[in-house]
């Protein structure tokens with residue numbers, strides 16, 4: 001067996017062990033199923049919605065759950081189930097894409113900062129310190145207020161507000177591995193800095209990034225919902241979950257279903273991301289995998 005085959009076999013064995021550890025965490029496994037369902041709904045939601053989420057009928061305003069409207073109707077008589085299904089594309093889909101964008105940029109900046117050092121490190125870290133000085137939600141609100149209301153502003157706000165965490169996390173991880181033998185050997189072979197960072201350092205610092213990513217996606221959904229609640233998210237009448245809660249909060253005590261069902265979906269999604277994050281943290285821990293291997 002050649003060295004390349006041995007490396008590939010070791011990689012496949014490590015992935016199998018990680019999957020076994022993840023599956024052994026029942027809560028994480030349930031959370032993964034929930035997120036898969038949410039992802040599917042965010043794609044096909046508009047096609048499976050039983051009614052037009054934008055069509056209002058004041059004669060059905062604040063109608064409680066019934067056979068005609070399983071989750072009831074909102075203050076304008078719009079079907080809440082249909083609005084939740086269509087709104088998944090805005091709250092879930094945009095939040096996930098925004099965090100991935102922010103994590104990608106933050107990871108790249110963290111790689112450059114930790115590996116290059118010097119002026120690169122100083123400039124990147126000082127800018128990052130400025131962003132970290134603001135609470136995440138306040139930074140997102142400030143960015144939306146500056147850029148204006150809209151989908152693009154929401155994506156940029158969530159991406160920028162989530163980016164600083166990954167810059168700091170990846171930089172710290174790079175500083176730990178940059179003196180390892182395989183990095184020194186790559187330098188002695190004359191490989192370019194970009195090749196060393198992407199092919200040799202990045203794969204070895206991705207574990208904490210993936211765990212942080214899963215937790216941060218739950219936070220991003222909370223931020224997107226908060227912005228929608230404040231009227232700074234996706235413009236109405238788009239059925240964003242946070243905006244649904246914001247528009248229905250006046251009727252909280254008279255028609256609680258208008259607020260309860262969107263809030264319940266938000267809570268379940270955030271909890272699912274946290275459960276998956278716990279499972280990833282365990283499955284990517286070499287000590288846990290070694291324990292499973294012995295068993």
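Computed from the coordinates by the stated procedures, all read-outs in this text should not be read as laboratory data. Not measured: the values here are computed from a predicted model. In this analysis, Cβ positions are derived from the backbone assuming ideal geometry, glycine residues included, and neighbour counts consider all displayed protein chains.
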Quiz prompt | Between helix 206-229 and the chain: long-axis angle, C-alpha atoms, 0 to 90°, nearest 10 | solution = 20
Quiz prompt | Convex hull per residue volume in Å³, alpha carbons only, for segment 89-194 | solution = 116
Self-check item: Residue exposure sequence - 152, 216, 257 - by fewest surrounding Cβ within 10 Å
Solution: 152, 257, 216
Self-check item: Segment residue 199-residue 23, length gained on full extension (0.36 nm per residue, minus Cα span)
Solution: 60.5 nm
Quiz item: In whole Å, what three semi-axes, largest first, describe the equivalent ellipsoid of the chain built from its Cα gyration tensor (square root of 5 times each eigenvalue)?
Solution: 42, 24, 14
Exercise. Kindly express, to the nearest 10 degrees and within the range 0 to 90, the angle between helix 3-24's C-alpha long axis and the longest C-alpha principal axis of the chain.
Key: 40
Self-check item: Percent of C-alpha pairs per 10 Å bin, segment 10-54, short to long
Solution: 24, 29, 25, 15, 7, 1
Quiz item: P(r) tail for segment 219-267, what percent of Cα pairs lie past 12 Å?
Solution: 56
Quiz item: Which value in Å is the Kirkwood Rh of segment 1-124 over different Cα pairs?
Solution: 19.1
Quiz prompt | Radius of gyration and maximum dimension Dmax of segment 178-241, Cα, Å | solution = 20.4, 59
Self-check item: R0 of 45 Å, Cβ-Cβ distance residue 122-residue 66: FRET efficiency to nearest 0.05
Solution: 0.10
Quiz item: Running Debye on segment 105-257 with equal point scatterers at the Cα sites and no solvent, what base-10 log of I(q)/I(0) appears at q = 0.17, 0.21 Å⁻¹?
Solution: -0.95, -1.21
Quiz item: How large is Rg over Rh for segment 186-295, taking Rg from the Cα atoms and Rh as the Kirkwood inverse mean of 1/r across Cα pairs?
Solution: 1.24
Quiz item: What is the log10 of I(q)/I(0) for segment 60-101, computed with the Debye formula using one identical point scatterer on each Cα and no solvent, at q = 0.21, 0.22 Å⁻¹?
Solution: -0.63, -0.65
Quiz prompt | Likely footprinting exposure, 188, 206, 163, fewest C-beta neighbours within 10 Å first | solution = 188, 206, 163
Self-check item: Projected area averaged over orientations for segment 67-150, convex hull of C-alpha atoms, nm²
Solution: 7.9
Quiz item: Roughly how tilted is helix 151-177, in degrees to the nearest 10 and between 0 and 90, from the longest Cα axis of the chain?
Solution: 20
Quiz item: How much length is gained if the chain between residue 16 and residue 177 is pulled fully straight, taking 0.36 nm per residue apart and subtracting their Cα-Cα distance, in nm to one decimal?
Solution: 55.5 nm
Quiz item: Of the residues 66, 162, 42, which exhibits the maximal mean-square fluctuation in a Gaussian network model of the chain defined by a 10 Å Cα contact cut-off?
Solution: 66
Quiz item: Going by how many other beta carbons lie within 10 Å of each one, how would you line up 122, 136, fewest first?
Solution: 122, 136
Practice problem: For the chain, set up a Gaussian network in which alpha carbons nearer than 10 Å are linked by springs, and say which option among 15, 100, 245 fluctuates the most. | Solution: 15
